[in-house]
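Notes follow the structure.
The values are calculated or read from the model by the stated rules, or taken from the named source; none is laboratory data. Since this is a predicted model, take the numbers as computed values, not measurements. Please note: Cβ atoms are built from the backbone with ideal geometry, for glycine as well, and neighbour counts cover all protein chains shown.
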């Protein structure tokens, strides 16, 4: 679809595009925020070990991070609506399998399938908006998509906690089925769009090697204590595949991750910072919700509601964080933001039995949220600005994949580093010590992210005003 035939924001079709995009991406966001709340209940019913709980979280992230770039390319080539709706339908089927899981292994396999489907629908939701609307209406449409998606993120912990406590953890997944049906009905009104300039061919070898690399390293980190021989083999396979991925991307005529983008110090610095910050963010939420239920005695609904300060601060202040960065440049917000997050995490490390919610949970989460609000918008803008205009979509996809890979690796590695395994997540005295150490490590990752931003991020040069030029 060309710009001349694009739809307007106020049209019925325009509202359908936004509705389908918000419902689809919101379903994926909802699932990612509620699963952590359900982990303890899942472990108790399915007799799952801590490694199983890590895989339930990481199986989804593994396939999503590995395939999200390919998912975006498929939409550009074959049609964004078509690939998006396939992803929505696949997500619904995988969610049904999650809800019907009879053991941890079946749930893990279904979560991997969810990630595959998520890799199709997640990039497609924004791409449909970008491709369907006339240029003048795109910023407004993207703003509506962002704001309404934030609502899904906000209600996720509350809804997940309520379902786990009063219905069943299985409905954390089964609730996706009616959402998917409504999404598919609305999507029928969405016009099909493609990218006429998309490159021929797909980097299938890169996708396979990238998946093997992440899977091998993740498996080794999670299973090292229980299956050391197999874990070392997996580690070797993962490292070799990761090396092969880099070699393939350097030689492939149409790579999924063009390495020439990383020649920019700004682009490389922003993406390494993304890896560090999102590694900390994912691990903090994984450990905090378990700590509140295992050690502090919170019910699932209380544990889910406890994380709302982060979402509230992000919804209220993210736009102002972006405006501030536009005014003063991204370097200071991207340096100070992670340090604020680190301060919040250090305060969270004190959570133990019978914590004072306001002082030991709520206030630290507000501080953490302030840091995220300061850094997220300028981080995204910096990544896009550091890439050529024709590679903006690829640059955004790379940053998205790196963020999810950071969470994947941290959730896999930190229990090993702090000495947690087996059923430790259900033993308060053991888990609490590991929780405290993991929080301090996350704080260190965030401090490293802030230091890296200070060293590598540069503010764009300002264009002289007319008065300054005259002077």
(request) Answer with yes or no whether residue 28 is more than 16 Å from the chain's Cα centre (by Cα) and either within 21 Å of residue 407 (Cβ to Cβ) or assigned to a helix (DSSP H, G or I) (or both). (result) no
(message) Only one of 225, 218, 211 is outside the structural domain of residue 109 (by TED's automatic domain parsing), closer than 30 Å to residue 417 by Cβ, modelled with pLDDT under 90 and surrounded by 15 or more Cβ atoms within 10 Å (Cβ to Cβ). Can you tell me which?
(response) 225
(message) Kindly evaluate residue 351 against the criterion of being touching a residue at least 12 places away in the same chain (Cβ under 8 Å), outside any helix (DSSP H, G or I) and in contact with a helix residue (DSSP H, G or I) (Cβ under 9 Å, 6 or more places away or on another chain).
(response) yes
(request) Quick one: count up the residues across the range 255-270 that are in contact (Cβ under 8 Å) with a residue 24 or more places away in the chain and either outside any helix (DSSP H, G or I) or surrounded by fewer than 24 Cβ atoms within 10 Å (Cβ to Cβ) (or both). (result) 11
(message) I'm told residue 115 meets every condition in (1) modelled with pLDDT of 95 or more; (2) in contact with a helix residue (DSSP H, G or I) (Cβ under 6 Å, 6 or more places away or on another chain); (3) part of a helix (DSSP H, G or I) except one. Can you identify the failing condition by its number?
(response) (1)
(request) Considering each residue of the range 307-333, count those that are farther than 19 Å from residue 148 by Cα, free of Cβ contacts under 8 Å to residues at least 60 places away in the same chain and in contact with a helix residue (DSSP H, G or I) (Cβ under 9 Å, 6 or more places away or on another chain), and give that number. (result) 6
(message) Looking at 61, 53, 39 in this structure, which one is buried (at least 22 other Cβ atoms within 10 Å of the Cβ) and under 16 Å from the mean Cα position of the chain (by Cα)?
(response) 61
(message) Please count how many residues of the range 144-197 are surrounded by 15 or more Cβ atoms within 10 Å (Cβ to Cβ), at pLDDT below 85 and part of a loop (DSSP other than H, G, I, E, B).
(response) 3
(message) If I ask for residues that are touching a residue at least 60 places away in the same chain (Cβ under 8 Å), under 16 Å from residue 51 (Cα atoms) and in a loop (DSSP other than H, G, I, E, B), which ones from the range 202-238 would you list?
(response) 224, 225, 226
(message) When you scan the range 368-376, do you find a residue that is in a helix (DSSP H, G or I) and within 21 Å of residue 264 (Cβ to Cβ), even just one?
(response) yes
(request) Working only within the range 84-106, note down all residues that are in contact (Cβ under 8 Å) with a residue 24 or more places away in the chain and buried (at least 24 other Cβ atoms within 10 Å of the Cβ). (result) 84, 87, 88, 91, 95, 98
(message) Take the residues in the range 378-426 that are part of a loop (DSSP other than H, G, I, E, B) and in contact (Cβ under 8 Å) with a residue 60 or more places away in the chain; name whichever of them is surrounded by the most Cβ atoms within 10 Å (Cβ to Cβ).
(response) 420
(message) Tell me the residue from 94, 101, 89 that is at pLDDT 95 or above, assigned by TED's automatic domain parsing to the domain that holds residue 57, in contact with a helix residue (DSSP H, G or I) (Cβ under 7 Å, 6 or more places away or on another chain) and not in a helix (DSSP H, G or I), please.
(response) 101
